[in-house]
1. Work out from phi, with θ = phi - 60° and the Karplus expression 6.51 cos²θ - 1.76 cosθ + 1.60, the ³J(HN,Hα) of each residue of region 115-124, listed in order in whole Hz, and give x for Gly and Pro.
2. To the nearest 0.05, how large is the calculated FRET efficiency for Phe132 and Asn60 if R₀ is 45 Å and r is the Cβ-Cβ distance?
3. Name the residue, out of Phe85, Phe193, Phe152, whose mean-square fluctuation peaks in a Gaussian network model built on the chain with Cα pairs under 10 Å.
4. With label points built 7 Å along Cα→Cβ from the Cα atoms of Ala68 and Met301, find their separation and express it in nm.
5. Under the Karplus relation 6.51 cos²θ - 1.76 cosθ + 1.60, θ = phi - 60°, what is the ordered set of whole-Hz ³J(HN,Hα) values for region 170-182, x standing for Gly and Pro?
6. Expressed as a fraction of 2.2 N^0.38 Å, the rule-of-thumb size for a compact globular protein of N residues, what is the C-alpha radius of gyration of region 108-195?
7. Which of rounded, prolate or oblate describes region 164-271 when judged by the alpha-carbon gyration tensor and an a/c cut-off of 1.5?
8. Of Ala244, Pro220, Ile205, which is farthest on the positive side of the dipole of region 177-276, counting Cα position, with +1 on Lys and Arg Cβ, -1 on Asp and Glu Cβ, and the Cα centre as origin?
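What follows is calculated from the coordinates using simple rules that are stated; it is not laboratory data. This one's a predicted model, so the numbers in the text were calculated from it and none came from an experiment. Here the Cβ is made from the backbone with ideal geometry for all residues, glycine too, and neighbour counts use every protein chain on show.
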Amino acid sequence: MAVLDRRARTRGRTADSITIQTRHQGSVGRWLVAPAFIYAVLVTQIPFILTLYYSTFRKNLLRPERTAFVGLENYRRTIFEDPVFRDALVNTLIFTIATVFISLVLGLCFAELVNHRFPGRGIVRTMLITPFLVMPVASALGWKNMMLDPVFGIIDWLLVELSPGSLDWHPVWLAELPRESIIMILVWRWAPFMMLILLAGMQSIDEEVREAARVDGATPIQEFASITMPHLYRFMQLGALLGAVYVVQEVDAIFMTTQGGPGTLTTNLPYYVYETAIRGSQLGRGAAIGVVVVALTIVAMTGLFRVLDRMLRGFYD
């Protein structure tokens, strides 16, 4: 009995020491994380609180003496009376959905290509990743002056050279097809991002599973449909969600190519915030539009994630 009591007391002291050590490690961990947490609060939450504050004022940077508190008036005008806001909202949805969908499809094709061994695979993989590493402003200028220029652009030159003699179609892209041009620029940039995510998913598949499928006589198409695609379910969700979050914020390509035109055909919500708050000097209206954009983005991302989840579950089931 004495031996059992000593063992019980020893286990109790060991458990107490482990508990104290765990609490000590937890407190140390909180102190280590605290600087990053404080920094995140300073650079994200405080500016957002200031944005909420300014959105309740009529504040023109060129007429500071006319600043006045207006409550929710800026929100009412933005949501119910501003046709440009509605156009920017529609354009944002078009750019986001089209870019994410096309980028996912192309990224899947690229990932499947470089997932197999062939001579020069490293060079091909590097070339496919490169567009994502180019500065957004530099890529937009390159597309505007080198690819889409109606006189010297590569795309129009290819259309003229490769099309039949009776088909003389070489549009002025940024004037006649501005939305399509912006989508091309965004897809060129974000397809490599999707490729990286999906390639990581493909390389995480156990090779023994593939070998077993090949032994059972599965064709490459059957292997892709029955093994690769179901495994990429979560990776496609992640790529679509991250891509949508990033594409919604895109403003570089629009600013450097179309400036939101012709008219409002390529004005998205972030560019409209810039035009209102910076170019128009209406800080209160711009802050209200920014808050509405944040709220709509949260709602849209939640809805998109649920719809994508149902679509992919139905596809795999």
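1. Taking θ as phi minus 60°, the curve returns 6, 9, 7, 7, x, x, 4, x, 5, 4 Hz for region 115-124.
2. 0.70
3. In this elastic network of the chain, the residue with the biggest mean-square fluctuation among Phe85, Phe193, Phe152 is Phe152.
4. Simple spin-label model gives 3.7 nm for this pair.
5. 9, x, 7, 4, 6, 9, 8, 10, x, 5, 4, 5, 4
6. 1.28
7. Oblate is the answer for region 164-271, as a/c is 1.5 or above yet b/c matches or exceeds a/b.
8. Final value for the positive-end residue is Ala244.
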